[in-house]
Every structure is written in C-alpha cells, then in structure tokens.
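The values are calculated or read from the model by the stated rules, or taken from the named source; none is laboratory data. Given the structure is predicted, the values throughout are model-derived calculations rather than measurements. Reconstructed Cβ throughout: ideal geometry from the backbone, glycine too, with neighbour counts over all protein chains shown. Just so you know, the surface numbers come from the protein's heavy atoms only, side chains and all, with ligands and any DNA or RNA stripped out. Shrake-Rupley method; radii C 1.70, N 1.55, O 1.52, S 1.80 Å.
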Amino acid sequence: MSNSTLTLPSLTVRTAAPAARPPAAPRPPRRWQWPLGAVLPLALLALWEILARAGTLPPNLLPAPSKVLATIAGLARTGELWHHLGLTLARVGAGFVLGSAAATALGALTGYAPLARRLLDPLLQGVRNIPSLAWVPLFILWMGIYETSKVVLIAVGVFFPVYLGLMSGVQGVDRKLVEVGRMYRLSGLALVRRVFLPATLPAYLVGLRNGLGLGWMFVVAAEIMGATKGLGFLLVDGQMTGRPQTILAAILLFAVLGRTTDAGLAWLSRRLLRWQDTHGANGNN
Amino acid sequence: MLRIEHVGKQFGPQVVALHDVSLQVAPGEIVALVGASGCGKSTLLRIAAGLETPGTGRVLIDGAPVAGPHPAVGFIFQEPRLLPWLTVCQNVEFGIAGLPAAERTERSAAALARVGLSDFAGTWPRQLSGGMAQRAAIARALVARPGLLLLDEPFSALDPFTKMDLQDHLLDIWADDRPTLVLVTHDLEEALVLADRVVVLRSRPGRVHQTFAVDLPRPRRRTAPDFQAQKQLLLEALGVAA
Ligand SMILES: Nc1ncnc2c1ncn2[C@@H]1O[C@H](COP(=O)(O)OP(=O)(O)OP(=O)(O)O)[C@@H](O)[C@H]1O
Ligand SMILES: [Mg+2]
C-alpha cells in the first residue's frame with residue numbers, strides 16, 4: 001500500500017485495522033439433544049396400548065399398537081409387505097419423475113420467456129384449479145384401471161407445486177446477478193447454467209418437496225380407486241374385511257415412507273444450498 | 001480508448017436521462033464523473049459497458065462501436081454482486097472460466113492477495129463483511145485484466161477508512177497495469193484523489209456541464225491547500241458552493 005505519504009490522522013487507524021481471520025470451523029460440534037418432540041407421541045402410544053389391553057377401546061375398531069406392529073411383521077414374513085411397499089414406491093417414483101420432469105420443462109420456459117408465460121400460464125393455472133381427484137374417472141376411462149392412469153394421476157399432483165416453484169423461482173432471479181453474467185458475456189445456455197440454475201435452486205427444491213408430498217397423497221387416491229396391490233389396497237382391504245389393524249398398518253407405513261423420502265430431499269437441499277444466507281440455514285432446520 | 005459520441009438516452013416519454021453527451025478518455029487515464037443524483041451518471045456508464053443501448057449517438061472502444069459487453073471492459077457495481085452460491089475464489093474466477101485451470105488458480109490467487117483476501121478464498125460471500133465483499137468484487141473485475149474499468153460508486157457503501165484503503169488499492173493497481181478508469185462518485189475528495197479529469201454533469205436533461213483537469217501531483221494529500229481549492233471549484237460547478 002502506498003499510503004506512506006498520507007499524513008492524515010486516519011493513517012494509523014487504517015494500518016492498524018486488524019486483518020480479519022477467516023471464520024473458524026464452519027460447524028461447531030452439535031450437542032446431542034433429547035428429542036423433546038418424541039415425548040408426546042410415545043406417551044400417547046403407551047396410553048393407547050394400556051387402554052386397548054384393558055379392553056376400554058373396542059378391539060374391532062381401534063386395536064392396540066402392538067397388534068398393528070404384529071400385522072406389519074406378519075406381512076413382512078409372508079413377503080406380501082415388500083410387494084405392496086415396492087409397488088407403491090414404484091408408482092410414486094414414476095409419477096414423481098414424470099410430473100417433475102414436465103413441470104421443470106414448462107416452469108423453466110414460462111419463468112424465462114414472458115411470451116411463453118402469457119401463452120401457457122393462464123391455461124395451466126386454470127387446470128390447476130380443477131380438484132385433481134376430479135380427473136380420476138376420466139383417466140380411468142382413457143387409460144384403464146391399471147398402472148398408466150395411476151401414474152398419470154400422481155404426476156398431475158406432483159406437477160403443480162414443482163411448476164409453480166420453478167416458475168416463480170426463475171422470475172425472481174435477481175436482475176443484478178443476471179447483469180453480472182451478462183457483463184462476462186454469458187448468454188443463452190451458459191447464462192442459464194451458471195446464473196439462473198443455481199439462483200433458482202432454492203425455490204425449485206421447495207417445489208420438489210411439496211410435489212413429493214402431493215405425490216404421496218395422490219398415490220393413496222389412485223390405489224383406493226382400484227388396485228390389487230400396494231399400500232392403498234391394504235387400506236381398502238382392511239376396511240372390506242373389517243380388520244382395522246391392517247388399515248392402521250398401512251397408514252403407519254405411509255407415514256414412514258413419506259417422512260423418509262421427504263427427509264432424503266431435505267438432506268439433498270441442505271447439501272446443495274450450503275451457501276444460503278437465510279434464517280433457517282446453518283443446521284437449525 | 002473510450003469515445004462517447006453524442007449519446008442520448010430517454011426512458012419513456014418524459015425522462016431524458018442523457019442528452020448529447022460526448023466524452024473521450026485516453027488510454028491509462030482516470031476520469032471521474034460527478035453530478036447530482038439522477039443526472040444520468042449510471043446510465044452513461046451502463047451504456048459505455050454495453051449493458052444498455054444508447055438512444056442516440058454511439059460509443060466506441062478502441063475504435064470499434066460497442067454492441068454489448070466488451071471483453072476488455074470490466075465493471076464494478078455499487079454493490080458487490082457476488083454470486084452467493086460460489087465461494088469467494090470461485091466468484092473471482094467467474095469471469096475467466098475459459099482459461100486453463102492452472103492459470104485460473106494462479107490469477108485468482110494473485111487478485112485475492114492484491115485485495116488482502118487470500119485467507120478467505122474458500123468462504124461463502126455471506127461470511128464476508130461489506131468492505132470485504134466489495135474487495136472481492138474488485139478482485140473479480142481485476143482478474144480478467146480489463147483495459148477499461150468502469151466503476152459505479154464502487155466505494156460509496158463503505159466506511160471512510162475502508163474507502164480510503166481501497167482508493168489506495170485502486171491507485172496501486174492502476175500504477176501497475178495502467179488500465180483506463182472511469183468512475184462515478186458522489187465523493188468529491190475521492191474524485192480529486194483519483195482522477196486526472198473530473199467531469200461535472202448536470203441533470204434534466206443529463207449533460208456535460210464542465211470538465212476539470214486535476215493537475216495535482218500524486219500521491220495527493222487531501223489536506224493540501226491546492227486540493228481544497230480544487231474541491232471548492234468543483235462545489236461551485238455543482239452549484240452547492242458554501
Ligand atoms: N431502467 C430505467 N427505467 C426508467 N428510468 C430510468 C431507468 N434507469 C434510469 N432511469 C432514469 O434516468 C435518470 C438517470 O438515472 P441514473 O441512474 O443514470 O442517475 P445517476 O446519475 O446514476 O443517479 P445516482 O447518483 O442517484 O445514482 C433518472 O431520472 C432515472 O429515473
Ligand atoms: Mg447511479
């Protein structure tokens with residue numbers, strides 16, 4: 001620095017300004033915390049079990065939790081469980097991939113190109129306002145009762161949150177950052193890849209998580225409307241045969257699967273968005 | 001280096017941001033643009049950068065008309081505008097992605113060292129203070145070794161100490177590579193410390209009002225009587241003489 005000739009009093013302050021150190025280890029070791037949120041559910045389960053065993057709760061309507069677990073164990077032993085689980089997962093997976101792929105293409109297009117937005121968005125918003133279950137009869141008529149109609153229904157459910165998330169994400173990209181890209185003569189695909197894509201990622205990932213949630217909702221609808229396998233079938237089967245433990249087992253499995261897949265996406269989001277400067281960042285998610 | 005010829009720019013039917021502005025900047029020269037808020041300084045700089053098209057007239061860089069951002073031109077914005085998803089080092093390398101990796105690393109390391117951020121190469125922009133972020137932005141602009149560097153109030157958001165520090169940095173860099181600098185500022189002392197020439201703009205419509213050659217020897221002392229006399233002249237030209 002050539003500040004030797006400046007005789008302003010501020011000189012001493014300037015040279016004395018401490019060279020800041022880089023922030024220390026990014027993550028301090030987090031202490032294990034007693035999961036407070038588990039207390040209430042466990043207490044309720046215990047109460048439920050006690051009341052069921054004491055005969056206070058009618059066993060043909062609300063069987064004990066242990067019985068529900070035994071039902072799951074029984075299904076696992078015969079191998080039926082994996083059949084049901086696998087098929088439901090495959091349906092959600094296929095619907096999710098299909099729906100989010102279509103949503104990604106259309107959302108990116110309408111977010112990026114105002115012309116496409118004016119052309120397509122009103123139509124899509126209109127379709128979005130149709131309660132999605134209203135499609136069921138039509139899909140069955142068009143595509144039959146088997147897999148196609150189910151996967152398409154799930155895809156429709158997944159589509160809208162992903163589409164909306166991505167479109168608003170692309171529209172919301174900071175013009176100032178786009179200008180930085182332009183200043184370095186990026187355009188077209190390079191600009192999309194190096195500026196739009198990362199800038200949109202947070203909104204897109206939220207859209208994907210919402211979409212996956214709806215996917216799980218719609219797989220239940222799809223499997224209730226007619227299936228001979230899958231967790232949704234177990235629901236109907238339990239009702240038909242008067243076995244509430246089967247229904248509760250299916251509900252429990254849905255909860256576990258939904259939570260697990262969402263946690264997977266949440267983990268992926270945290271990894272991809274480490275750079276984010278938000279209130280929720282840095283672990284307290 | 002930079003020739004602005006009869007540039008005019010209108011926003012909508014009402015706002016005439018610039019009217020018939022002409023300006024020539026020689027290679028290696030430092031020119032400061034000053035003027036009241038809204039007189040079109042940013043617009044002029046953005047037109048020179050190719051980020052905005054002139055309504056009338058044209059801009060030439062090295063004799064060639066500007067049609068979009070030019071590879072030899074760097075721009076430092078008022079805000080750091082670091083890309084939050086890239087580390088400081090990756091941000092600095094953003095503009096030289098086409099170079100071989102080894103050269104990229106070498107250049108970004110040098111640029112970061114130059115602005116005193118070597119220890120922060122791997123951190124995210126959110127972990128930087130305002131002054132540090134602006135220094136990173138300066139490194140990003142310098143790493144591409146622009147022949148012409150346009151600066152739009154680059155230090156205005158910084159505290160006086162950091163500001164003077166970075167003004168010195170800028171002069172050091174200029175002394176080494178002699179890039180042409182065109183800088184917009186509201187700070188008359190900054191203009192007088194840095195510039196060879198100060199151009200005073202007037203608003204409604206934005207136009208060149210007066211040009212001052214600053215022939216004080218470098219490095220310049222803010223307290224020197226000549227310096228203060230020049231400042232007084234500038235204040236008068238801006239119509240705010242006290
Ligand atoms: N994109 C735009 N759309 C419409 N009007 C604009 C636009 N950009 C600038 N203007 C107008 O042009 C005029 C000049 O703006 P400019 O930003 O160039 O001023 P400035 O001299 O940089 O002001 P400041 O010192 O406050 O930064 C202003 O009246 C402003 O309202
Ligand atoms: Mg401005």
Provide a list, ordered by number, of residues in the range B:102-150 showing at least 30 Å² less accessible area with every protein chain present than when their chain is taken on its own, using a 1.4 Å probe. B:ASP119, B:PHE120, B:TRP124, B:ARG126, B:GLN127, B:ARG140
Using only the alpha carbons, work out the radius of gyration and Dmax of the protein assembly as shown in angstrom. 32.1, 100
Inter-label distance, nm, simple model (7 Å from Cα along the C-beta direction), B:GLU79/A:ARG128: 2.6
By how many degrees, between 0 and 90 and to the nearest 10, does the Cα long axis of helix A:39-53 differ from the longest principal axis of chain A? 0
Over all Cα pairs of the range A:60-274, the Kirkwood radius sets Rh, and Rg/Rh then becomes 1.08
Net charge contributed by nearby residues that have their C-beta within less than 12 Å of A:PRO59 (K/R +1, D/E -1): +3
Excluding ligands, DNA and RNA, what is the solvent-accessible area per residue of chain A at a probe of 1.4 Å, expressed in Å²? 58
Of A:PRO244, A:PRO161, A:PRO137, which is the most mobile in a GNM of chain A whose springs link Cα atoms less than 10 angstrom apart? A:PRO137
The range B:84-145: Rg to Rh, with Rh as the Kirkwood radius over Cα pairs: 0.93
Expressed in nm to one decimal, what extension gain is obtained for the pair A:VAL256 and A:TRP142 from 0.36 nm per residue of sequence separation less their Cα-Cα distance? 37.8 nm
Karplus-derived HN-Hα couplings along the range A:117-131 (A = 6.51, B = -1.76, C = 1.60, θ = phi - 60°), whole Hz, x at Gly and Pro: 5, 5, 7, 9, 4, x, 4, 5, 5, x, 4, 4, 7, 6, x
Net +/- balance of residues flanking A:LEU208 in space, Cβ distance below 15 Å, scoring K and R +1, D and E -1: +2
FRET efficiency (A:ALA101, A:LEU36; Cβ distance; R0 41 Å; to 0.05) is 0.55
Give me a single rounded figure for B:85-91: the average over its residues of other chain Cβ atoms within 10 Å of their Cβ. 3
So for chain A, taking the charge dipole from beta-carbon charges (+1 Lys/Arg, -1 Asp/Glu), which of A:GLY211, A:LEU197, A:ILE50 sits furthest toward the positive end? A:LEU197
Grab the eigenvalues of the alpha-carbon gyration tensor for chain B, scale each by 5, take roots, and send me the semi-axes largest first in whole angstrom. 29, 22, 16
Pairs from A:LYS150/A:LYS229; B:LYS9/B:LYS41; A:LYS67/A:LYS150; B:LYS163/B:LYS231 whose Cα-Cα separation, in the structure shown, is over 21 Å: A:LYS67/A:LYS150
Average beta-carbon neighbours from other chains, 10 Å sphere, peptide A:174-183: 6
For chain B, the longest principal axis of the Cα atoms and the Cα long axis of helix B:225-237 enclose an angle in degrees, to the nearest 10, of 60
According to the Cα gyration tensor, what semi-axes, each the square root of 5 times an eigenvalue, does the equivalent ellipsoid of the range B:68-206 have, listed from largest to smallest in whole Å? 25, 17, 14
Give me the percent of DSSP beta bridges within the protein assembly as shown that run antiparallel, rounded to the nearest 5. 55
HN-Hα couplings for the range B:52-66 via Karplus (6.51, -1.76, 1.60; θ = phi - 60°), in whole Hz with x for Gly/Pro, come out as 9, 9, x, x, 10, x, 8, 10, 10, 10, 6, x, 9, x, 7
What does the charge dipole of the range B:152-191 about its Cα centre add up to, to the nearest 20 debye, if the Cβ of each Lys and Arg holds +1 and the Cβ of each Asp and Glu holds -1? 100
Tell me the per residue accessible area of chain B using a 1.4 Å probe; a whole number in Å² is fine. 41
Interface size between chain B and chain A, please: total buried accessible area, 1.4 Å probe, rounded to the nearest 100 Å². 3500
Can you tell me the dipole magnitude for the range B:157-228 around its Cα centre, using point charges on the Cβ only (Lys, Arg +1; Asp, Glu -1), in Debye to the nearest 20? 480
Over the protein assembly as shown, with every protein chain in place, what whole percent of the accessible area is carbon and sulfur at 1.4 Å, could you tell me? 63
Give the calculated FRET efficiency between A:GLU80 and B:GLU103 to the nearest 0.05, with a Förster radius of 60 Å applied to their Cβ-Cβ distance. 0.45
Quick one: net charge around B:VAL15, please, counting Lys, Arg +1 and Asp, Glu -1 for every other residue with C-beta under 11 Å from its C-beta. +2
Taking the Cα centre of chain A as the origin and placing charges on Cβ (Lys, Arg +1; Asp, Glu -1), which of A:LEU119, A:PRO35, A:LEU177 is farthest toward the positive end of the dipole? A:LEU177
